[in-house]
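This report refers to the structure that appears directly beneath it.
Values quoted throughout were computed directly from the atomic coordinates according to the rules given, and no laboratory measurement underlies them. Owing to the predicted nature of the structure, the values given are computational and were not obtained by experimental measurement. In this analysis, Cβ positions are derived from the backbone assuming ideal geometry, glycine residues included, and neighbour counts consider all displayed protein chains.
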Amino acid sequence: MNNNIKLNENTYWIGKVDDRDVPFHRLVLTKGTTYNSYLLKTKKPTVIDTVDISFGREYVENLKTLIDPMEIEYIVINHSEPDHSGGLGSLAAQAKNATIVCTEPAEYELKEMYKLHKRNFLIVKDGDKLDIGGKTLRFFETPYLHTEETMITYCEEDKILYPCDIFSTHIANYDYFNDLAKEDIDEDFSVYYSLIMHPHRTYVQKMINKIKDMDIDIIAPSHGYILREDAKKYINMYDMLSRNTDLSKKALILYSTMTSNTKKIAGKIKEYLENLDIATDIMDTSKVSKEEAIEAIKDADAIFLGSSTRYGDMIGNIEDTLKELKNIDLEGKVGVAFGSYGWSGESIEIIQDYLKATNMKVLSTSDLIKSTGRIDIEFPIRVRFSLNNEQEEKRVERSIEYVSSILLNNK
Ligand code: FEO
């Protein structure tokens, strides 16, 4: 580690450059990456994020050339994934006086991952402040960018934003700062955004709203270049890339309902889609002909098909339409099964089987976990009895936000 990498008088880069081909989320980062960690050497010395778990011991040995770990008062962990929290086990073992600062969901993960059940944790919420002896840190929760527990940290006096994965690039480099980069980093920056952040674009917009009035001189992310030249440009890029500028996408919700529970879910899906500027038609199969339903399916980009379950099967005439689907070219469309159920919800799975027999992209929880790691949403959308609690509504809303991100990636 080069100990002379400073963001200002008493803020040090203490990370690790990883110039291997790095396996990551079933990709290989052929340009490598960096794991950026920072030391704020104030009266209450604070470390922000650590490095990949492979480099934990090396990281702590290097850090000792700058500070005695026993002096460290706070270790801020913005994101639990082991490429940033991986050095925490080694660091905490030597920084015995340090309090670990993180969000509530991160506390559980960090305690379990690094066996830190007996350590002091400080749980922070949106907007909380922490005096670190001459400087003030503020914390903002940024859930699903890209995992539930993530937050960003802002140092008021230094005007430095520490957003962990957000605003990162995967480029191993020994220049550290974007104004010293020997290459144009904008394409790598956009590729990183597309791969890691765009599937969560509605949360990108929420994050932008939280930081838009901050005075930010430097963005110090946890991969790639520190953005100290034209930081605003990179915020604007995220803003532009995450907006829905394609207003041509259309969705269709086709349902069959028994006691109106599936109808209510269909209504909520429509509401959420329209909030995301996706024009949405809704049809009760008992009130349209099979031919009308097929024409509407051909015209839509996303197709939601839902039924209640009665005696282990679908109800009404929806199966007449489902039987036709395999004979239609649905290439490029997105399919989602949904429905209310009381016991097992067989009809939802039968609809899913019909959708899988077509050539459209059918969303499934298994594929989602493998491609994004998200376990907070699920496909098919299964609701036991009625959509009647806030937690379940939020889960459905997040699922619809994901569908919208898929639609806009299909441009
Ligand atoms: Fe860079 Fe989500 O880890």
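Where Lys and Arg each count +1 and Asp and Glu each count -1, what net charge lies around GLY127 among other residues with Cβ under 11 Å from its Cβ? Charge balance in the 11 Å sphere: +1.
Think of each Lys and Arg Cβ as +1 and each Asp and Glu Cβ as -1; about the Cα centre, that makes the dipole of region 41-97 roughly 300 debye. Residues whose amide H comes within less than 5 Å of that of LEU7, counting only those at least five positions distant or on another chain, are TYR12, TRP13 (H built at 1.01 Å from N in the peptide plane). Taking a ≥ b ≥ c as the square roots of the Cα gyration tensor eigenvalues, region 349-408 comes out oblate, since a/c reaches at least 1.5 and a/b does not exceed b/c.
Looking at the chain, send over the antiparallel percent of its DSSP beta bridges, to the nearest 5. Beta bridges within the chain, antiparallel portion: roughly 45 percent. Cβ crowding within 10 Å, taken as a proxy for footprinting-reagent exposure, orders TRP343, TRP13 from fewest neighbours to most as TRP343, TRP13. Farthest toward the positive end of the dipole of the chain, out of ILE406, ASN327, SER308, is the Cα of SER308, where the dipole comes from beta carbon charges about the Cα centre.
Taking the Cα centre of region 318-411 as reference, the dipole from Cβ charges on Lys and Arg (+1) and Asp and Glu (-1) amounts to some 300 debye. The residues packed around THR46, meaning those with a beta-carbon under 9 Å from its beta-carbon, carry a net charge of +2 if Lys and Arg are +1 and Asp and Glu are -1.
Summarising the amide proton neighbourhood of THR99: residues at separation of 5 or more, or on other chains, whose placed amide H is nearer than 5 Å comprise TYR74, ILE75. Think of the chain as a dipole: +1 on every Lys or Arg Cβ, -1 on every Asp or Glu Cβ, centred on the Cα centre; then among ILE185, GLY87, ASN173, GLY87 lies furthest on the positive end. Between the beta carbons of LYS326 and GLU71, assuming R0 = 60 Å, the FRET efficiency works out to 0.35 to the nearest 0.05.
The angle separating the long axis of helix 390-409 from the principal Cα axis of greatest extent in the chain is about 90 degrees.
Of LYS6/LYS159; LYS41/LYS64; LYS206/LYS298, which pairs sit farther than 23 Å apart, going by alpha carbon to alpha carbon? The answer is LYS206/LYS298. This model, with +1 at the C-beta of Lys and Arg and -1 at the C-beta of Asp and Glu, gives the chain a dipole about its Cα centre of some 700 debye. How charged is the neighbourhood of LEU66? Take every other residue with its Cβ under 13 Å from the Cβ of LEU66, and add Lys/Arg as +1 and Asp/Glu as -1. Residues near LEU66 contribute 0 overall. Pairs with C-alpha atoms separated by more than 31 Å, drawn from the list LYS31/LYS370; LYS44/LYS210; LYS210/LYS263; LYS115/LYS268, are LYS210/LYS263; LYS115/LYS268.
For helix 104-114, what angle does its Cα long axis make with the longest principal axis of the chain, in degrees from 0 to 90 and rounded to 10? Taking Cα atoms only, the helix is inclined about 70 degrees.
Write down the percent of antiparallel bridges among all DSSP beta bridges whose residues are both part of region 234-346, to the nearest 5. The antiparallel fraction comes to roughly 5 percent. In terms of its alpha-carbon gyration tensor, the chain comes out prolate; a/c meets the 1.5 threshold, and the first ratio a/b outweighs b/c.
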